[in-house]
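J.: Below you'll find the structure I mean.
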There are 2 protein chains.
Amino acid sequence: MSDASAVTVVGSVALDDLQLPSGDFQDVVGGAATFASLAASLFTAVRMVGVVGADFPEASLSDLERRGVDTSGVERTKGTTFKWVGKYAANLASRETLDTQLNVFADFRPTLPKTYREAGYLLLGNIHPSLQSDVLSQMQKPKFVAADTMNLWIDIERAALGKVLAAIDCLIINDEELRQLAGVHNIRQAAKIVRDLGPRILICKRGEYGALLFDDLGIAFVPAYPLETELDPTGAGDSFAGALVGRLAQLDRFDHTALRDALGYGTAVASFCVEGVGTDRLRSVTPTEVAERLAAVRALAS
Amino acid sequence: MSDASAVTVVGSVALDDLQLPSGDFQDVVGGAATFASLAASLFTAVRMVGVVGADFPEASLSDLERRGVDTSGVERTKGTTFKWVGKYAANLASRETLDTQLNVFADFRPTLPKTYREAGYLLLGNIHPSLQSDVLSQMQKPKFVAADTMNLWIDIERAALGKVLAAIDCLIINDEELRQLAGVHNIRQAAKIVRDLGPRILICKRGEYGALLFDDLGIAFVPAYPLETELDPTGAGDSFAGALVGRLAQLDRFDHTALRDALGYGTAVASFCVEGVGTDRLRSVTPTEVAERLAAVRALAS
């Protein structure tokens, strides 16, 4: 795949402990970069940036490689892989962070391989905004830069986050974080305020309700696919972002029409993520299944 | 308008006290029947059933009459009109019931005028399920019967509500109430359980997120219009239901295509309701404005 339509993805790589209604799961391979890379790899070549400890299963990296994800930019180091410990409510509608162990991410300063720097598309997955800026500064001339973030950075790293916002084309964020970042509750007003901070394109994730796109041409909406079986929402937002940017890279366009198209792929791929624990379902999903799910999402609102 | 495409609407008629972020408002004309009738009157002839006390402004009933709402089935009685006292959070996202005064509704037993009984469409607005059954039993042969309900009746009047569910074509309910009624959180599973209780058609209102339709042909979705100015969500759900049934009556069809069409009108009209306090905006909205808003709703997901 040419570098022009490749996506470089940075974010956490994790071994999560999940307390789900279906049971407790230890050392589940996860992290924003993992989910986003898997999702993006359904559409284009992916260069993944991150760091793992000695406890991370090499087989998982090999699996990513087989799916077209370049993991040469994933630093293998001594120490322990990043871990998120989370507990979900019985209905999966809310979750609680029990523990976050930065481990090898505490001192991670990525150095991007040359092919990574030449990619046309960049997804700055949810991670410390300074790390996002660091990765962005190493890119040669990306055509399209998208970023995700979370409430923690909005709370404690506003200045660093502001620097990221000023430098990106597209922010992908959930609705509560959008409201928090803007300081107003009304979604349209919040979108205007945040777009004034930098990103021309704002995509607001609304979980089981779908996603909204705000750009110069107005507002677009895509519903989420109502699932019959929901197992684990972990990584759904990262999968959404990965599929969205992967699809834009595949089209090598990011105009309003392309964004609407990619929004549909984002919700379709995210819905598969929720159907399995960790990356289980995302790793097995085929492009044909994605196309069928997308058709079902589109039929919902046709 | 012929009786075949007229809608009979029953529900509360109220003088509400509203504590809104924009200020406190006393004796605001409201109630499920009022909002639903106003909304339905944008599409077809409406026969409104309810009861008001001596304190209810006759001008409000005259206003309804001017909009094509027959209020001869609204009983004028001594005593005090039904009152709901509600307090909204600063962001309008949640509300608290401070007081509910049944007043003249406590002993209300409606007797439907002949023209009411001959209407082809019936909307049983949110009110005690026994009253809903009573009204339904007086109808001659309605082609299509829809009902709304609320958490209170699900809690304390499950048997009476069950009787209503068994007798209607369409239940219109919000997502939390749907989950409560079904006893499961997953929306698709909940929809299946509730449809097995009677209504072939289930419409799940999701507030600012839109609405889902479940019927024999599957699932459809319509987004809510993201408003820039939100003043008062009171009655938005009733306006949605009124517009939906009014539009079906106007089409005189209730197949899947007609339901999808009506779903769009429901969200369009409900969005106007939120733009004013009480019925303020709903009373002034024109069919042209509704058509424009509907086009905007449809463009969101096109």
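The values are calculated or read from the model by the stated rules, or taken from the named source; none is laboratory data. Because the structure is a prediction, the values reported are computed rather than measured. Note that we place each Cβ from the backbone using ideal geometry, even for glycine, and neighbour counts take in every protein chain shown. Side chains are part of the model used for accessible areas, which takes the heavy atoms of the whole protein and leaves out ligands, DNA and RNA. Shrake-Rupley method; radii C 1.70, N 1.55, O 1.52, S 1.80 Å.
J.: Could you state how much accessible area residue B:105 has, in square angstrom rounded to the nearest 10, with a 1.4 Å probe and all protein chains kept in place?
T.: 20 Å²
J.: Grab the beta carbon distance between residue A:114 and residue B:289, set R0 = 51 Å, and tell me the FRET efficiency rounded to 0.05.
T.: 0.35
J.: So, one more: Tell me: how much accessible area in total is hidden between A and B, 1.4 Å probe, Å², nearest 100?
T.: 2500 Å²
J.: Moving on to the next point. With 25 Å as the cut-off, how large is the P(r) tail for the range B:64-213, expressed as percent of Cα-Cα pairs?
T.: Of all Cα-Cα distances in the range B:64-213, 38 percent exceed 25 Å.
J.: Further question: Per residue, how much space in cubic angstrom lies within the convex hull of the C-alpha atoms of the range A:71-126? Please list the in-between numbers first.
T.: Working: hull volume 6.9 nm³, N = 56.
Value for the range A:71-126: 124 Å³ per residue.
J.: Too long at a 28 Å Cα-Cα cut-off: which of A:87/A:114; A:141/A:163; B:83/B:141; A:87/A:163; B:114/B:192; B:78/B:141? Kindly include the intermediate steps, with their values, before the conclusion.
T.: Numbers: A:87/A:114 39 Å; A:141/A:163 18 Å; B:83/B:141 33 Å; A:87/A:163 32 Å; B:114/B:192 36 Å; B:78/B:141 33 Å.
Long pairs (Cα-Cα over 28 Å): A:87/A:114; B:83/B:141; A:87/A:163; B:114/B:192; B:78/B:141.
J.: Send over the Kirkwood Rh of the range A:36-102, from the inverse of the averaged 1/r over different Cα pairs, rounded to one decimal Å.
T.: Every distinct Cα pair counted, the radius reaches 13.7 Å.
J.: Please report, to one decimal in angstroms, the Kirkwood hydrodynamic radius of the range B:125-263 built from all distinct Cα-Cα pairs. Mind dumping the intermediate values first?
T.: On the way: mean 1/r = 0.0653 Å⁻¹.
Averaging 1/r across every pair of different Cα atoms and inverting gives 15.3 Å.
J.: With a 1.4 Å probe and every protein chain left in place, tell me how much accessible area residue B:72 has, in Å² to the nearest 10.
T.: My reading of the accessible area for residue B:72 is about 70 Å².
J.: Given N residues in the range B:8-150, what is Rg(Cα) / (2.2 N^0.38 Å)?
T.: Working: Rg = 15.1 Å, N = 143, 2.2 N^0.38 = 14.5 Å.
The range B:8-150 yields a ratio of 1.04.
J.: Now a separate question. Any chance you could run the full-extension gain for residue B:72 through residue B:253? It's 0.36 nm times the residue separation minus the Cα-Cα distance, nm to one decimal.
T.: Between residue B:72 and residue B:253, full extension yields an extra 62.5 nm.
J.: What is the sum of charges around residue B:36, taking Lys and Arg as +1, Asp and Glu as -1, for the other residues whose C-beta is under 10 Å from the C-beta of residue B:36?
T.: So the surrounding residues net to -2.
J.: Sticking with this one: Using alpha carbons only, how many angstrom separate the centre of the range B:31-55 from the centre of the range B:252-301?
T.: Result: 17 Å between the Cα centres.
J.: Within a Cβ distance under 13 Å of residue A:90, other residues only, what is the Lys/Arg minus Asp/Glu net charge?
T.: Around residue A:90, the surrounding residues sum to +1.
J.: Could you give P(r) for the protein assembly as shown, binned at 10 Å from zero, as whole percent values over all Cα-Cα pairs?
T.: 3, 17, 25, 22, 15, 11, 5, 1, 0
J.: Then there is this: Compute the FRET efficiency between residue B:55 and residue B:280 as 1/(1 + (r/R0)^6), taking r as their Cβ-Cβ distance and R0 = 25 Å, and round to the nearest 0.05.
T.: About 0.80, to the nearest 0.05.
J.: Report the percentage of all Cα-Cα pairs in the range B:209-281 whose separation exceeds 15 Å, rounded to a whole percent.
T.: So the pairs more than 15 Å apart make up 53 percent of the total in the range B:209-281.
J.: Something else now. May I ask for the net charge around residue A:294, where only other residues with Cβ less than 14 Å from the Cβ of residue A:294 are counted and Lys, Arg are +1 while Asp, Glu are -1?
T.: My count for the surroundings of residue A:294 gives +1.
J.: Can you give the accessible area of residue A:67, probe radius 1.4 Å, in Å² rounded to 10?
T.: It works out to around 50 Å².
J.: What would the Debye formula give as log10 I(q)/I(0) at q = 0.06, 0.09, 0.15 Å⁻¹ for the alpha-carbon point model of chain A, no solvent?
T.: Once normalised to I(0) and log-transformed, intensities are -0.16, -0.38, -1.18.
J.: What whole number of Å gives the distance from the Cα centroid of the range B:133-189 to the Cα centroid of the range A:194-229?
T.: The range A:194-229 and the range B:133-189 have Cα centres spaced 32 Å from each other.
J.: From the helices alone, meaning DSSP H stretches of at least four residues, give me the mean residue ellipticity at 222 nm for chain B, per-run term -39500 (n - 2.57), in deg cm²/dmol to the nearest 500.
T.: That calculation yields -11500 deg cm²/dmol at 222 nm.
J.: Using a Gaussian network model on chain B with a 10 Å cutoff between Cα atoms, which of B:250, B:132, B:19 fluctuates the most?
T.: Of the options given, B:19 has the highest mean-square fluctuation.
J.: If you don't mind, another one. Percent of accessible area on the range A:173-302 owned by carbon and sulfur, 1.4 Å probe?
T.: Accessible surface attributable to carbon and sulfur in the range A:173-302 totals 51 percent.
J.: At 0.36 nm per residue, and after removing the present C-alpha to C-alpha distance, how many nm does the segment from residue A:62 to residue A:80 gain when stretched out fully?
T.: Here the answer is 4.6 nm.
J.: How many nm is it between the label spots at residue B:141 and residue A:228, if each spot is 7 Å from the Cα in line with the beta carbon?
T.: It works out to 3.8 nm between the two label points.
J.: Whenever you get a sec, line up A:87, B:141 from highest to lowest accessible area (probe 1.4 Å, protein heavy atoms).
T.: Output order, biggest surface exposure first: B:141, A:87.
J.: Report, in order of residue number, the helices in chain B meeting two criteria: a C-alpha extent of 24 Å or more along the helix axis, and a mean Kyte-Doolittle hydropathy of at least 0.0; treat each whole DSSP H run as one helix.
T.: Sorted by number, the helices that extend far enough and score high enough are B:256-274.
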